[in-house]
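Following: one structure in structure tokens, then a few remarks.
The values are calculated or read from the model by the stated rules, or taken from the named source; none is laboratory data. Computed from a predicted model, the values in this text were never measured in an experiment. With ideal geometry, Cβ positions are generated from the backbone for all residues, glycine too; neighbour counts draw on all protein chains shown.
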Amino acid sequence: MFRDGLTIVKKDLKIEIRSKVLMMQVLPLTGAILIIFGFALGPDLNPLRQNAAGLIWVSVLLCSMLAVQRSIAVERDCGGEALRLSGYDLAGVFMGKAMAVAIEIFFIGIATMSITAIVFNTGLHGVSNILTEILVMAVASLALSSAGIIFGAMFISSSTSETLLPLIYLPLTSPVLLAATKASLPTFTGVGSIKLIWVVILFLLAVAYFSVGSISFEPLLEDY
Amino acid sequence: MTSILETENSDNQTQKEITLIENILKKTGPSYTKYILGIGSVLTACLTIWLGLFITPKDEHLGNTVRLLYVHPPVAWAALYLAFGTTTLASLLWLWPKTRSYFWDKIAGASAEIGVLYLALTLVTGSIWGRTTWGVWWTWDARLTLTAVLLVLYIAYLAIRQLDGSDKTKANRNAITALFAAIDVPIVHFSVLWWNTLHQTASVLTPGLHLTVPLSMGLTMGLGFLCTTLIWGWMMKVRYDIELLKVVDSEIELQRAIMQRRNEP
């Protein structure tokens, strides 16, 4: 199962590196979203600084949806048939796809954080906060990708996937957005240090989404 | 010879399907369960209204607003724990191979629909409470926000139930979505403990089961809980019958199509 997962991770990341969609389209979109926030809340830097953590996570959430759609689009041509007939363990396929998308979201998140620190002039406060922030980014990425992959696969052959995916994905991941924003606040405001409870909540959400996803991926694809 | 056997087999099949339709129609007709639940719902609703509006006292600080207590917590309980709990349990029973039956998928869907209705009522009654006690119709309080998120999640669940596919694919999709949506329920429950919220923690009945309000208020509230539970039960029965009638409808359509095909020259 784990070996199958690793193969899928390598395959998806290789496709992404070759197509450069993440680099050339999703990352610029993150920048565009941040600039739009700047127009909406600026030019005063104070509201931007105060809300930087939330704005980062909204950007990451929107871009993560694109990463999920991209990961599923690769399999869409066969309506999920290729995944089912590949002979790979389907729980392993889920793990592989979720891990690959999590790695992509993680890089989107780190880039968004860096852009925000510069353009909103927030800076990054405290070495321990920054290290914990990286952990938060990794855990939240896994939670987002797990939920995304399941629902992306669910609508793989549906003509309404473009509207249904955001409808379920955004409310479903809003607890992740909430906990990640709360966890990220001290890094951008410089007030206090990251509270462990938010990291724990994020971790629990990631475990819950990943576990439910691993169990349910097989029944989801078995009848396509 | 082969064609005679085929005709006999298809006649047997038709007879079986007619018997199935007759059985379903018998099940969905008037029943004691439906009458008991329906009459119980009306009686408890009338009693709750009478006690809540005319017998129980006004609150010293909140005035008549306190009467929302007889509606808001009962509908919230029915939505969060009863309706969505049933949806989650039924979805698990569908996914578990030993208990897999379309009955559970239908139950999950019926309960989620009622849950959405109750949750919308929870938000409306909560909003009225908020206007009179906090001065605003809506505030970005953790419990309120998460409850609104939960409502959108279950609306999405109902939208997913409408998607095309084979019966098994649809039931799988529905059950998985229900399990993901259920993750938000404990977050809503514990939100008042995890965050500093305007919404109070459980305050009418303490963890030691001591009532903090007069007995008449406690009893009326209890009756409210019973009323929302009975209404949920009655609506479940009616909604499930509708699902069965849909099966009959599709069977009749199928039989009609077969008959038309047979009568073709």
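Please go through segment A:184-224 and give me each residue that is in contact with a Phe, Trp or Tyr (Cβ under 9 Å, 6 or more places away or on another chain), of a type in the set (Val, Ile, Thr) and either away from every other protein chain (no Cβ under 11 Å) or farther than 15 Å from residue A:154 by Cβ (or both), ordered by number. Within segment A:184-224, A:197, A:201 meet the criteria.
Residues that are without any contact (Cβ under 8 Å) to a residue 12 or more places away in the chain, in a helix (DSSP H, G or I), out of contact with any Cys (no Cβ under 6 Å at 6 or more places or on another chain) and surrounded by fewer than 22 Cβ atoms within 10 Å (Cβ to Cβ) do not occur anywhere in segment A:57-65.
With respect to being away from chain A (no Cβ under 14 Å), modelled with pLDDT of 85 or more and not in a helix (DSSP H, G or I), residue B:136 fits the description. What about residue B:159, is it assigned to a helix (DSSP H, G or I) and within 22 Å of residue A:176 (Cα to Cα)? No; evaluated as a whole, the condition is false for this residue. A single member of A:145, A:158 is within 9 Å of another protein chain (Cβ to nearest Cβ), surrounded by 15 or more Cβ atoms within 10 Å (Cβ to Cβ) and of a type in the set (Gly, Ala, Ser), and it is A:158.
Any residue at all in segment A:128-140 that is under 16 Å from the mean Cα position of the chain (by Cα), more than 19 Å from residue A:56 (Cα to Cα) and more than 11 Å from every other protein chain (Cβ to nearest Cβ)? No, because not a single residue in segment A:128-140 is under 16 Å from the mean Cα position of the chain (by Cα), more than 19 Å from residue A:56 (Cα to Cα) and more than 11 Å from every other protein chain (Cβ to nearest Cβ).
Answer yes or no as to whether residue B:98 is more than 9 Å from chain A (Cβ to nearest Cβ) and touching an Asp or Glu at 6+ places or on another chain (Cβ under 6 Å). Here the answer is no, as residue B:98 does not meet what is asked. Figure legend. Inter-residue proximity from segment B:153-164: first residues facing chain A (nearest Cβ under 9 Å), second residues surrounded by 23 or more Cβ atoms within 10 Å (Cβ to Cβ) and of a type in the set (Lys, Arg), beta-carbon distance below 9 Å, spacing 6+ or different chains. Indicated pairs: B:160/B:173; B:163/B:173.
Looking at the structure I just gave you, is residue A:91 in contact (Cβ under 8 Å) with a residue 12 or more places away in the chain and farther than 18 Å from residue A:220 by Cβ?
On the way: in contact (Cβ under 8 Å) with a residue 12 or more places away in the chain: yes; farther than 18 Å from residue A:220 by Cβ: no.
So residue A:91 fails the test.
For segment A:13-43, a residue qualifies if it is over 15 Å from residue A:107 (Cα atoms) and either among the small types (Gly, Ala, Ser) or surrounded by 13 or more Cβ atoms within 10 Å (Cβ to Cβ) (or both), and the qualifying residues are A:15, A:19, A:32, A:33, A:34, A:35, A:37, A:38, A:40, A:41, A:42.
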